[in-house]
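K.L.:
Before we start, here is the structure in question, set down as structure tokens.
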Amino acid sequence: MNATIKLEKKHFPVLLDELISIISPLYGGTFIDCTFGEGGYSKKILEYKKNSVIAIDRDRDVKTHAEVLKKKFGKRFIFINSTFKEINSINKTNKNIKAAIFDLGYSANQILDYSKGLSFSSKGKLNMKMGINRFSAHETINKLEEEHLKKIFKYFGDEKNANLIAKKIVFERKKRLLQTEDLVKIIETSYKRKYTKSHKSTKVFQALRIFVNQEISQLIYGLINSFKILPVGGYLVFVTFHSIEDRIVKFFFKNYSESSNISRYLPEATHEKKILKLLNKKPIIPTKKEIFLNPPSRSAKLRAIKKIGTYENKMNVFEKYANLLKIENFSKNL
């Protein structure tokens, strides 16, 4: 693997103004930044002196950004190196929690750090681990059976050539352990067309990243556990960047913002309860100006809700996405 390459690029927190207008930090409280990254949201919230921020991120490399905010804002800022799946385990004693915020994208600097292996321009051993992982893309490509690889590429990346790519991977790895360059070459030779709108490896690399970081279960537990710790009146905001995660967030928000039965044993017409209030029926997307300044923001969608009730029964989002969770469980073979 090449040495770590860090080509610093200016960080633009996506849809920042729109997010701030929703969570209203002017009046003070504690905000949970569940995907701290380079701290764009946290920094803006902390500019309002009545606020404090609990920031969470699984990537150990973002600690340098967290240390800068800790030095500047002191006790008003806390950083936790963890996955946001564990949000319900943080210390909430005497915390006036106002909102939980999730930006599910990856920063340009994370992609440009070739040691993470998120880019198809990386060289050497496949990685894609964002921290607190049990396995990498290297084990995934070189150990999983063909049928499992095919489903990962198809359902996590919407890759039309999933069958052929998986078949070629299994054939080529009989000769040697596959590296990043080998995978990129396999993908390129699986396309008949010489030119495509985006890089031919984009969808497979997305699928591997989702699988390696168990992003489906992380997202579902993040939704449920953040909802549970929010007090009534608190806000839950998600910024998504691809269709799978946006569908999951949209389903959760829509399903629990409509009248739903408290118990399947009670009459449908008499025991209904809404627990969420949609703040935007359609997702908020970046302006043309923001896209011009920060082109990767073009695929961003912001969805937000306000908690207006509680619900302790098992949430059916697990059943809704059981197929995707089953694919994640292929990791048990690694």
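The values are calculated or read from the model by the stated rules, or taken from the named source; none is laboratory data. The structure displayed is predicted, hence computed values, not measured ones. Counting neighbours? That spans all protein chains shown, and the Cβs are built from the backbone with ideal geometry, glycine included.
K.L.:
Can you tell me which residue within segment 282-298, out of those that are in contact with a Leu (Cβ under 8 Å, 6 or more places away or on another chain) and not small (Gly, Ala, Ser), is surrounded by the fewest Cβ atoms within 10 Å (Cβ to Cβ)?
P.N.:
Applying the filter and picking the extreme gives Ile285.
K.L.:
Scan segment 286-314 residue by residue and report those that are over 20 Å from the mean Cα position of the chain (by Cα) and assigned to a loop (DSSP other than H, G, I, E, B).
P.N.:
Thr287, Ile308, Gly309, Thr310, Tyr311, Glu312, Asn313, Lys314
K.L.:
Also, I was wondering about something else. In segment 209-233, which residues are out of contact with any Gly (no Cβ under 8 Å at 6 or more places or on another chain) and aliphatic (A, V, I, L, M)?
P.N.:
The answer is Val212, Ile216, Leu219, Ile220, Leu223, Ile224, Ile229, Leu230.
K.L.:
Is it fair to say Ala166 is free of Cβ contacts under 8 Å to residues at least 40 places away in the same chain, assigned to a helix (DSSP H, G or I) and farther than 18 Å from Ala304 by Cβ?
P.N.:
Yes.
K.L.:
Could you list, in sequence order, the residues of segment 65-100 that are out of contact with any strand residue (DSSP E or B) (no Cβ under 7 Å at 6 or more places or on another chain), within 19 Å of Ile45 (Cα to Cα) and in a helix (DSSP H, G or I)?
P.N.:
His65, Glu67, Val68, Lys71, Lys72, Phe73, Gly74, Lys75
K.L.:
May I pose another question? Among residues belonging to segment 315-333 that are at pLDDT below 95 and part of a loop (DSSP other than H, G, I, E, B), point out the one that is surrounded by the fewest Cβ atoms within 10 Å (Cβ to Cβ).
P.N.:
Ranking the qualifying residues of segment 315-333, first place goes to Asn316.
K.L.:
When you look at Pro267, is it part of a loop (DSSP other than H, G, I, E, B) and modelled with pLDDT of 95 or more, yes or no?
P.N.:
For Pro267, the condition - part of a loop (DSSP other than H, G, I, E, B) and modelled with pLDDT of 95 or more - is not met.
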